[in-house]
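S.K.: Here you go, one structure.
Any read-out appearing in this document is the output of simple, stated calculations on the displayed coordinates, not a laboratory observation. Only a predicted model underlies this, so the values are computations on that prediction, with no experimental measurement involved. Cβ placement follows ideal geometry from the backbone for every residue including glycine, while neighbour counts extend to all protein chains displayed.
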Amino acid sequence: MHAFATSERFATLDAKDRDRLEALCKLDAFSPGTEILSSDTPGDWLYLIAAGDVEVRAKTPSGEVVLGDLRPGDLFGELEGFAHLPDGVRHVAREDTIVRAIPKNPLKQELRQHRSLATGLLSVYARSISEKVRSASDVAARFPAPQGSRPPQANKPGAQNGPLGRPPHLTLEETVWLAVLGQSLEVQPGEAVVSEGETSRSFYVIERGLLDVKKKTPAGEVTLAQLADGDLFGFMAFVDGKPRSASVVAQSVCQLTRVEPDALQKATQLNFTVGFKFLATLCGVLGRTYRDTAVKVMGN
């Protein structure tokens, strides 16, 4: 069975940090149809699936939709720390399921005491949330937004609305310090900055401009979202190394910052604060992206 100390998902953590996670966890078992976690109630546990199958379900006007299917080695309960999911999202055991569960309060104490565990676990969270965003985005592609509709509101406390009538992914401070890590570039209207299926791993910060996120479906290409000043894109391929899940095409002349994976790696190796701050920012963007994707699906 999968364990925190031996699972491939935690392989980048130091052995001592993996053992710390293992020491905190307990085994729990759930029968088919049991609700393990719901967005309607606070989640106090982090779960690693040791055996079994867990579905992420979302309530819609026409019934529940499956946003994702989690298997042994997958993680859940991490996302709630970065975004408040809409009511009606729940994790349900599809078959007899065994999990390793860590209480979040003792985990926070360990993270405060061990820097390597804090940054390592954030990196694990980013990959896990990225996988959930990919899965939910595939579902959302079946629900194209009506013409003229406004995008769902991101839940970043205290953030000011940007050009699209919602808070941008990043604060001005975050945009500035991330820009220091990369190179500036200008793209023209109609130019694809990244294309669906390509294997590049750079991510981009939008300093100025408007772009569309487009995805191919059996019914044709659909626009999943719009991005503008202060938004971030390309982060899922950066995190998990998988091919681009969608294309991003400029609608206007855009000023961007491109950050290469090796540039960020060098920066995080030199400075714990930079690494921790970046990973926390990335998890926040991924979490809010997942939330907005779930809202889109649940509204249809």
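S.K.: So which of Glu207, Glu221 ends up being closer than 22 Å to Val133 by Cα, part of a strand (DSSP E or B), of a type outside the set (A, V, I, L, M, F, W, C) and in contact with a strand residue (DSSP E or B) (Cβ under 9 Å, 6 or more places away or on another chain)?
M.R.: Of the residues listed, the single one that is closer than 22 Å to Val133 by Cα, part of a strand (DSSP E or B), of a type outside the set (A, V, I, L, M, F, W, C) and in contact with a strand residue (DSSP E or B) (Cβ under 9 Å, 6 or more places away or on another chain) is Glu221.
S.K.: Right, another one. Which condition number does Thr273 fail, the rest of (1) of a type in the set (S, T, N, Q); (2) surrounded by fewer than 20 Cβ atoms within 10 Å (Cβ to Cβ); (3) assigned to a loop (DSSP other than H, G, I, E, B) being met?
M.R.: (3)
S.K.: Does at least one position in segment 256-264 carry a residue that is part of a loop (DSSP other than H, G, I, E, B), more than 18 Å from the chain's Cα centre (by Cα) and on the phi < 0 side of the Ramachandran plot?
M.R.: yes
S.K.: Here's something else I'd like to know. Identify all residues within segment 33-71 that are among the basic types (Lys, Arg) and surrounded by 15 or more Cβ atoms within 10 Å (Cβ to Cβ); write none if there are none.
M.R.: Listed by number, the residues that qualify are Arg57, Lys59.
S.K.: Let me ask something additional. Can you list residue pairs whose Cβ atoms sit under 9 Å apart, with the first residue in segment 170-189 being assigned to a helix (DSSP H, G or I) and the second being among the charged types (D, E, K, R)? Count only pairs 6 or more apart in sequence or on different chains.
M.R.: Every condition considered, the pairs that remain are Glu174/Lys277; Thr175/Glu207; Thr175/Asp229; Trp177/Lys277; Ala179/Glu207.
S.K.: May I pose another question? Just to check your reading of the model, which residue among Thr268, Thr281 is touching an Asp or Glu at 6+ places or on another chain (Cβ under 7 Å) and assigned to a helix (DSSP H, G or I)?
M.R.: Matching residue, one of Thr268, Thr281: Thr281.
S.K.: Any residue that is of a type in the set (Val, Ile, Thr) and either under 30 Å from Asn161 (Cβ atoms) or buried (at least 21 other Cβ atoms within 10 Å of the Cβ) (or both) - is there at least one of those in segment 257-267?
M.R.: So far as segment 257-267 goes, yes, one or more of its residues are of a type in the set (Val, Ile, Thr) and either under 30 Å from Asn161 (Cβ atoms) or buried (at least 21 other Cβ atoms within 10 Å of the Cβ) (or both).
S.K.: I'd like to check which strands (runs of 3 or more DSSP E) are fully inside segment 5-62 and have at least 2 residues that are under 22 Å from the mean Cα position of the chain (by Cα). Give the steps one after another, and end with the answer.
M.R.: On the way: elements: 26-30, 35-38, 45-51, 54-60.
The strands (runs of 3 or more DSSP E) meeting that bar are 35-38, 45-51, 54-60.
S.K.: Of the residues that sit in segment 236-255 and are outside any strand (DSSP E or B) and β-branched (Val, Ile, Thr), which one is surrounded by the most Cβ atoms within 10 Å (Cβ to Cβ)?
M.R.: Filtering first and then ranking leaves Val239.
S.K.: What is the one condition in (1) touching a residue at least 40 places away in the same chain (Cβ under 8 Å); (2) in a helix (DSSP H, G or I); (3) surrounded by fewer than 22 Cβ atoms within 10 Å (Cβ to Cβ) that Thr293 does not satisfy?
M.R.: For Thr293, the failing item is (3).
S.K.: Quick check, is Glu95 touching a residue at least 12 places away in the same chain (Cβ under 8 Å), part of a helix (DSSP H, G or I) and of a type in the set (Asp, Glu)?
M.R.: On the way: touching a residue at least 12 places away in the same chain (Cβ under 8 Å): yes; part of a helix (DSSP H, G or I): no; of a type in the set (Asp, Glu): yes.
Considered against the rule, which asks whether it is touching a residue at least 12 places away in the same chain (Cβ under 8 Å), part of a helix (DSSP H, G or I) and of a type in the set (Asp, Glu), Glu95 comes out as no.
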